[in-house]
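Student: Quick one: structure below, then a few questions.
Each reported figure results from applying straightforward, stated rules to the coordinates on display, with no laboratory input. The structure displayed is predicted, hence computed values, not measured ones. As a convention, Cβ positions derive from the backbone with ideal geometry for all residues, glycine included, and neighbour counts pool all protein chains shown.
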Amino acid sequence: MSEVELTRLSSKGQIVVPKALRNIMGLEDGEVFAIYGEDDTIILKRLELPSEKEFQRLLNWGEDFAKKKGITKKDVKKAIKEYREGE
């Protein structure tokens, strides 16, 4: 980035990423971002979602891992419930 640019928050909570920055970063419509905010700082991180093939590979890996470790769906549901109750 060469310069600081200004933008505004719309009444719908939207922020426009200036065109010059979109061009520099190669941003396109529909990009997905993670957003983090603390105090007066907001950080956006562009995410690359896995392709259907990559997602299936990750799903298979997770299932194989759980099977090898003896983790059941019941175990996962219990862990999620316990975590949510602890928040």
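Student: Determine the alpha carbon to alpha carbon distance for each of Lys12/Lys45; Lys53/Lys73; Lys19/Lys53 and list only those over 30 Å. Present the calculation step by step, with values, prior to reporting the outcome.
Tutor: Details: Lys12/Lys45 21 Å; Lys53/Lys73 23 Å; Lys19/Lys53 32 Å.
Going by Cα-Cα distance, Lys19/Lys53 fall outside the 30 Å limit.
Student: Straight-line reach from Lys78: which lysines fall under 20 Å, measuring Cα to Cα and dropping same-chain residues less than 8 apart?
Tutor: Candidates past the 8-residue exclusion: Lys67, Lys68, Lys69.
Student: Taking 25 Å as R0, compute the FRET efficiency from the Cβ-Cβ separation of Glu3 and Leu49 and round it to 0.05.
Tutor: Once rounded, the FRET efficiency stands at 0.25.
Student: In the calculated pair distance distribution of region 1-48, what percentage of Cα-Cα distances lie above 11 Å?
Tutor: Cα-Cα pairs in region 1-48 separated by more than 11 Å: 76 percent.
Student: Quick one: P(r) of the chain from all Cα-Cα pairs, 10 Å bins, percents rounded to integers, in order of increasing distance.
Tutor: 12, 27, 25, 21, 14, 1
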